[in-house]
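Nothing in this text is a laboratory measurement; each read-out follows from the coordinates by a stated rule. In this text, all values refer to a predicted model and were calculated from it rather than measured experimentally. Cβ atoms come from the backbone with ideal geometry, glycine included; neighbour counts cover every protein chain shown.
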Amino acid sequence: MKFTLAKKVNMTQIFGEDGRVAPATVLKVETATVSQIRTKEKDGYIAVQIGTGVRNGKNISKAVKGHIKGLAGFEDGKKGFAVLKEFRVSDASSMNKGDKIELETFAVGDSVTVSAISKGKGFQGVVKRHGFHGGPRSHGQKHSEREPGSIGGGGRGGGKVIKGMRMAGRMGSDRITVKNLKVLGIDKENNVMLVSGAVPGRRGTLVEIRGN
């Protein structure tokens, strides 16, 4: 199974051989290192933990320093991975601690699943959060253009506010997964991957990429 970590750079568009334009997201894919193999016997599930990026050692706990101490480049404890993530797999027998996962793992035309944290938008009302139309703009309505309207009453839920009622609240900062995106291009020199369509998150968001 193919998987790696990347950072969202920006969106762009590319033209195909037939002249059609397609939206694409630019992802910066750094070389990842396998930091741990989870096994069914020891951990209860099978997974591969990988790390990427570099972080100052003073910002890393002693437990994590000990966890990655045997890996090349981190023997002195002065630096560590910026990110550690696990990917569930059905079989990890072909991978070992310290293995490198390069961009070349993926190829143009591959179908991938992308997961990331969406943009945080703070506390929002029902019009922006759920697409409510709001109240009428006439007949004496003065300040109710973006109000939600009735949320309870005798005819609904016995006068109580029913569970799942769409109301104002925190919007965004959710883990979003987008399936069946296509790899449109790979730039090995700059460690860049082009993926079709939009990817959740802002510029710089950590993105998990899995091959289908």
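Sparsely packed loop sites in region 22-109 (the GluC sites (Glu not before Pro) outside DSSP H, G, I, E and B with at most 11 other Cβ atoms within 10 Å) comprise GLU75. In the chain, the calculated helix contribution to ellipticity at 222 nm averages -1500 deg cm²/dmol per residue, counting -39,500 (n - 2.57) for every DSSP H run with n ≥ 4. Treating r as the C-beta distance of ASP91 and SER173 and R0 as 41 Å, the FRET efficiency rounds to 0.75.
Summarised in one figure, the compactness ratio Rg/Rh of region 1-104, Cα atoms and Kirkwood Rh, is 1.09. Within the chain, the proportion of Cα pairs with more than 24 Å between them is 58 percent. Could you tell me the calculated FRET efficiency between LYS78 and VAL127, based on Cβ-Cβ distance and R0 = 41 angstrom, to the nearest 0.05? Efficiency, rounded to the nearest 0.05: 0.20. Other residues within the sphere of radius under 12 Å centred on the Cβ of PHE87, judged by their own Cβ, net out at +3 (K and R +1, D and E -1). Amide H contacts of THR205: LYS8, each under 5 Å away and 5 or more positions distant or on a separate chain (H built 1.01 Å from N in the peptide plane; Pro and chain starts excluded).
Per the Debye formula on identical point scatterers at the alpha carbon atoms of region 111-212, with no solvent, log10 I(q)/I(0) at q = 0.11, 0.19 Å⁻¹ is -0.57, -0.98. Other residues within the sphere of radius under 11 Å centred on the Cβ of VAL126, judged by their own Cβ, net out at +3 (K and R +1, D and E -1).
Net charge in the neighbourhood of SER173 (other residues with Cβ under 12 Å of its Cβ; Lys, Arg +1, Asp, Glu -1) is +4. With the convex hull drawn around the C-alpha atoms of region 126-172, the volume per residue stands at 94 Å³.
Between SER150 and THR113, the contour length at 0.36 nm per residue exceeds the alpha carbon distance by 9.3 nm.
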